[in-house]
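Below is one structure, written out as structure tokens; comments come after it.
Every read-out reported here was derived from the displayed coordinates using simple, explicitly stated rules and does not represent laboratory data. Quick caveat, the model's predicted, so the values are computed rather than measured. Virtual Cβ from ideal backbone geometry, glycine too; neighbours counted across all protein chains shown.
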Amino acid sequence: MICIIRIRGRVGLDRRVKETLDRMRLGKKYSCVVLVNPNREQMMMIKKLRNFIAYGNISKDVFEKLIEKRGKIIPNADGKKKKIDIKKAVEDLEKGKTYESVGLKPFFRLHPPRGGADTKVHFPKGVLGDHKEHINKLIERML
């Protein structure tokens, strides 16, 4: 599972970069998307956006925390929100179901990181780029 967090804002971005961010459903600063089984096209989009996002491999327990604290439930046709079992939702997503079929929105809105972050420099000095397993620490600072 790959977690992608948008770090840079909207001002001064190239049109193609804006379009790619919209396709990844990263509309606002500090929004997050978790790709359970990324395909080749999604990996190429990540490579194109590496100067504007932070990404890495998310662990299962941090993904459960992310869904618990920041996951938004899609209301039913009658406007009511049903309760979701988090562990079952994570298992269903790993099996290949979509977020909509599980009952969640496909993106998460996070807080800015506690303790601050250098948003102009790449990892390990800043937060941009590939974090590998260290993305879990960044996500816990943003919950």
Pick out, in residue order, every one of the trypsin sites (Lys or Arg not before Pro) in the stretch 5-47 that is DSSP loop and has at most 13 other C-beta atoms within 10 Å; say none if there are none.
ARG10, LYS28
Could you compute the net charge surrounding ARG114? Neighbours are other residues with a C-beta less than 12 Å from the C-beta of ARG114; K and R count +1, D and E count -1.
+1
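Can you pull out the trypsin sites (Lys or Arg not before Pro) in the stretch 77-108 whose DSSP state is coil and whose Cβ has at most 12 other Cβ atoms within 10 Å?
Listed in order of number, the matching sites are LYS80, LYS81, LYS82, LYS83.
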Could you give the size of the charge dipole of the stretch 2-142 about its Cα centre, using +1 on the Cβ of each K and R and -1 on the Cβ of each D and E, expressed in debye and rounded to the nearest 20?
500
How are the Cα pair distances of the chain distributed, in percent, across 10 Å bins from 0?
11, 43, 34, 11, 1
Flagged as over-length at 32 Å C-alpha distance, from LYS48/LYS80; LYS47/LYS105; LYS97/LYS132; LYS28/LYS81, the pairs are LYS48/LYS80
Give me the Å³ per residue figure for the convex hull around the C-alpha atoms of the stretch 46-87.
117
0 to 90° range, to nearest 10: angle between helix 86-95 axis and the chain longest Cα axis
70
